[in-house]
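*Asks:* The following block contains the structure, expressed as structure tokens.
Every read-out reported here was derived from the displayed coordinates using simple, explicitly stated rules and does not represent laboratory data. Keep in mind that this is a model prediction, so the values were computed, not measured. Cβ sites come from the backbone with ideal geometry, for glycine too, and all protein chains shown count toward neighbours.
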Amino acid sequence: HNSVSSFVPTQRARSEEFVHGDITFKAWDLGGHQQVRFLWRNFFQEADGVIFIVDSIEHERHGESGVELGGIVENLPAGIPLLILLNKIDSAEALGAAEVQAGLNLNGAELHGKRGETAQFFRCSVLTGTGLDIALHWFTQNIA
């Protein structure tokens, strides 16, 4: 619905619906803190797609994010698209895609080797909307 909000870190799973193009999404924000990560796999079996957001500024957490992303890549059922958003490109402190991927220890070629064309990195700014249209277009095209 073309709105942007600031959020405090997710304390508990919450869902929200939004429309992009002709698809209505029911999105679950599961949070990323250590105590809830075990829940993620429970949602994979019912998901039509997964969006994983990486903060392009917090380079000190890219290794941790990469470990979790690697687990998703390995455990996500075949055919379910994985959209990886490299967020906060509106900031002068944001690292480039290659730098973030290096910090995650997973680049586009490795990702495609493991997931085929059902996974893709996109740089974006959730705050300004930059890059989101093309990322969500790719995502909607890859949902079975």
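*Asks:* Over region 52-144, one equal point on each Cα, no solvent: what is log10 I(q)/I(0) by the Debye formula at q = 0.18, 0.20 Å⁻¹?
*Replies:* Taking Cα atoms of region 52-144 as identical point scatterers yields -0.77, -0.95.
*Asks:* Once amide H atoms are placed 1.01 Å from N in the peptide plane, what residues at a sequence separation of 5 or more from residue 58, or on another chain, have their amide H within under 5 Å of its amide H?
*Replies:* Correct list: empty.
*Asks:* Sticking with this structure for a sec: Along Cα→Cβ, 7 Å out, is where each label goes; now give me the distance between the ones at residue 130 and residue 90 in nm to one decimal.
*Replies:* Here the answer is 0.9 nm between the modelled labels.
*Asks:* On to the next question. How much net charge surrounds residue 132 when only other residues with a Cβ under 12 Å from its Cβ are counted (Lys, Arg +1; Asp, Glu -1)?
*Replies:* Net charge around residue 132: -1.
*Asks:* Oh, and also: What net charge is computed for the residues neighbouring residue 73, neighbours being all others with C-beta under 13 Å from the C-beta of residue 73, Lys and Arg scored +1, Asp and Glu -1?
*Replies:* 0
*Asks:* Would you pull out the residues with amide H under 5 Å of residue 119's amide H, same chain only if 5 or more places away, H placed 1.01 Å from N?
*Replies:* Excluding prolines and chain starts, which carry no amide H, the hits are 82.
*Asks:* May I ask you to evaluate 6.51 cos²θ - 1.76 cosθ + 1.60, the Karplus curve with θ = phi - 60°, for each residue of region 96-113 and list the ³J(HN,Hα) values in order in whole Hz, giving x for glycine and proline?
*Replies:* Rounded to whole hertz, the list is x, 4, 5, 5, 5, 4, 5, x, 6, 6, 7, 9, x, 5, 5, 4, 5, x.
*Asks:* Could I ask something else about it? Pull out the extension gain between residue 44 and residue 117, defined as 0.36 nm times the separation in residues minus the alpha carbon to alpha carbon distance; nm, one decimal. Kindly include the intermediate steps, with their values, before the conclusion.
*Replies:* Working: separation 73, 0.36 × 73 = 26.28 nm, distance 1.80 nm.
Extending this stretch completely gives an extra 24.5 nm.
*Asks:* Same structure, new question: Tell me, in nm to one decimal, what length is gained between residue 67 and residue 17 on full extension, where the rule is 0.36 nm per residue of separation less the Cα-Cα distance?
*Replies:* Extra length available between residue 67 and residue 17 comes to 15.1 nm.
*Asks:* Which ³J(HN,Hα) values, rounded to whole Hz and listed in residue order, are derived for region 43-56 from phi using the Karplus coefficients 6.51, -1.76 and 1.60 in 6.51 cos²θ - 1.76 cosθ + 1.60 with θ = phi - 60°, glycine and proline given as x?
*Replies:* My calculation for region 43-56 gives 8, 4, 5, 9, 7, 8, x, 10, 10, 10, 9, 10, 6, 6 Hz in order.
*Asks:* What list of ³J(HN,Hα) couplings, whole Hz, do you get for region 125-140 from phi and the Karplus terms 6.51, -1.76, 1.60, once you set θ to phi - 60° and write x for glycine and proline?
*Replies:* Taking θ as phi minus 60°, the curve returns 10, 5, 5, 9, x, 4, x, 6, 4, 5, 5, 5, 4, 4, 4, 5 Hz for region 125-140.
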